[in-house]
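**Q** Please find one structure pasted underneath; my questions will follow.
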Amino acid sequence: MSYFKGKTVFITGASRGIGKAIGLKLASEGANIIIAAKTAAPHPKLPGTIYSAAEEIEQAGGKALPIIVDVREEAQVYEAVANAVQTFGGIDILINNASAIQLTSTMETDMKRYDLMHNINTRGTFLTTKACLPHLLKAQNPHVLNISPPLSLEQRWFAPHVAYTIAKFGMSMCVLGMAGEFKGKVAFNALWPRTTIATSAVDMLGGENMMRQSRKPEIMADAAHLIFQKGKDFTNNFLIDEDFLRTEGVTDFAQYANVPGEKLMPDFFI
């Protein structure tokens, strides 16, 4: 019997990319997946909706609950959590994956975009975690995973795009603080890719060239899958997908290349 059979996993931003890939991996072992994302109708530039993701998750072998959620809206988040608990009886795992990105300098960052990044990345992560915690605390082996980078106060990570870096590091600071606050009760970890990942966000940032030099989202899904099988004492870790998978015995990384043989592009913060 699979470890994830009947486990309930709440994923923000799960309609596409890394969030959906993790959902599909856990669904293939019978997990219940809450697809908490904004895209209900097809987007002209972005693939997938919460409903198309739900179809894929059901086909993979899991149960899906698509819910329209903007993580900036407190009422929507709490309603989604209540809906998840009513449907599946609890929450075992939370993945804070929803994120906004804009790699602009200080002078080129308008405050509307600054607020968007901070409200989705840092505040959205804090809010969703806060809403899920009463249920996570009742789970047998609860885990929270933030898709955010290892904390590093090196100027080079801030200087080119200080607004985005603060917003992403805010997610990692949630791991640092909450791992201490809930030690022995809930595991909190961060996971970040060594290379760029072939998602619609990367496509919009760097186009076809960056997509060619990226890895598939499945590398992040495989890493998350292994993290969640560890006990809640496995906490306060800032993991890089490739490094973590190597420690778990994975040796074939060619399988993750979006285009076999292409030189890989390191991700931000690596």
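Nothing in this text is a laboratory measurement; each read-out follows from the coordinates by a stated rule. Note that the structure is predicted; figures quoted are calculated from it, not measured. Using ideal geometry, Cβ is built from the backbone for each residue, glycine included, and neighbour counts are taken over all protein chains shown.
**Q** In percent, what relative contact order does the chain have, based on Cα pairs under 8 Å that are 6 or more apart in sequence?
**A** For the chain, the relative contact order is 18 percent.
**Q** Relative contact order for the range 148-270: what is it in percent, counting Cα pairs under 8 Å that are at least 6 residues apart?
**A** 32
**Q** Taking the Cα centre of the range 81-161 as origin, sum charge times position over the Cβ atoms of Lys and Arg (+1) and Asp and Glu (-1), and report the length of that vector in debye to the nearest 20.
**A** 160
**Q** Calculate the FRET efficiency for E262 and S200 from the Cβ-Cβ distance with a Förster distance of 30 Å, rounded to the nearest 0.05.
**A** With a Förster radius of 30 Å, E is 0.95.
**Q** What does the net charge come to around M171 if you take all other residues with beta carbon closer than 14 Å to its beta carbon, with K and R at +1 and D and E at -1?
**A** +3
**Q** What's the longest bit of the chain with no exposed trypsin sites (Lys or Arg not before Pro), using DSSP loop states and at most 16 other Cβ atoms within 10 Å as the test?
**A** Excluding the exposed sites themselves, the longest stretch runs over 46-137.
**Q** How would you classify the range 112-270 from its alpha-carbon gyration tensor, with a ≥ b ≥ c the square roots of the eigenvalues: rounded for a/c under 1.5, else prolate if a/b is greater than b/c, otherwise oblate?
**A** Because a/c hits 1.5 or more and a/b fails to exceed b/c, the range 112-270 counts as oblate.
**Q** Let a ≥ b ≥ c be the square roots of the eigenvalues of the Cα gyration tensor of the range 177-226; is it rounded (a/c under 1.5), or, if not, prolate (a/b larger than b/c) or oblate?
**A** prolate
**Q** Let me ask something else. Could you check the spin-label model distance between K138 and D243? Points 7 Å from the Cα along Cα→Cβ, value in nm.
**A** That separation, rounded to one decimal, is 3.8 nm.
**Q** How much net charge surrounds P44 when only other residues with a Cβ under 15 Å from its Cβ are counted (Lys, Arg +1; Asp, Glu -1)?
**A** +2
**Q** Out of every Cα pair in the chain, what percent are spaced more than 35 Å from each other?
**A** Counting every Cα pair in the chain, those more than 35 Å apart make up 9 percent.
**Q** What size of dipole, in debye to the nearest 20, comes out for the chain about its Cα centre when the only charges are +1 on Lys and Arg C-beta atoms and -1 on Asp and Glu C-beta atoms?
**A** The calculation lands at about 320 debye.
**Q** Follow-up question, since we're still on this one. Once fully extended, how much extra length lies between E74 and K183, figured as 0.36 nm per residue of separation less the alpha-carbon to alpha-carbon distance?
**A** My answer for the length gained is 36.7 nm.
**Q** Another question, then. Full extension from I270 to F253: what is 0.36 nm times the residue separation minus their Cα-Cα distance, to one decimal in nm?
**A** 4.4 nm
**Q** Mind scanning K232/K263; K183/K216; K5/K138 and naming the pairs with a C-alpha gap bigger than 26 Å?
**A** K232/K263; K183/K216
**Q** Using the Cα centre as the reference, give the magnitude of the dipole from point charges on the C-beta atoms of the range 1-151 (Lys, Arg: +1; Asp, Glu: -1; all else neutral), rounded to the nearest 20 debye.
**A** I would put it at about 180 debye.
**Q** Please report the antiparallel percentage of the DSSP beta bridges confined to the chain, to the nearest 5.
**A** 5
**Q** Any chance you could get the radius of gyration and Dmax over the Cα atoms of the range 130-181, in Å?
**A** Just the Cα atoms of the range 130-181 yield Rg and Dmax of 13.8, 42 Å.
**Q** With the cut-off at 1.5 for a/c, could you classify the range 204-270 from its C-alpha gyration tensor as rounded, prolate or oblate?
**A** prolate
**Q** Right, next: Taking K45 as the anchor, which lysines have their alpha carbon closer than 18 Å to its alpha carbon, excluding any fewer than eight residues away along the same chain?
**A** Correct list for K45: K20.
**Q** Next up: Between R113 and K216, what FRET efficiency follows from the Cβ-Cβ distance if R0 is 30 Å, with the result rounded to 0.05?
**A** Efficiency at R0 = 30 Å is approximately 0.55.
**Q** Give, as a single signed number, the net charge of other residues whose beta carbon lies under 15 Å from the beta carbon of D222, with Lys and Arg counted +1 and Asp and Glu -1.
**A** Neighbour charge sum, excluding D222 itself: 0.
**Q** Using only C-alpha atoms and all pairs of different ones, pull out the Kirkwood radius for the range 71-167 in Å with one decimal.
**A** Kirkwood hydrodynamic radius for the range 71-167: 14.8 Å.
**Q** Follow-up. Considering only Cα-Cα distances, which of the following residue pairs are longer than 32 Å: K112/K185; K130/K230; K112/K230?
**A** Pairs exceeding 32 Å: K112/K185; K112/K230.
**Q** Expected output is a single nm value to one decimal: the length gained when fully extending between Q155 and L46, i.e. 0.36 nm times separation in residues minus the C-alpha distance. What is it?
**A** Between Q155 and L46, full extension yields an extra 36.0 nm.
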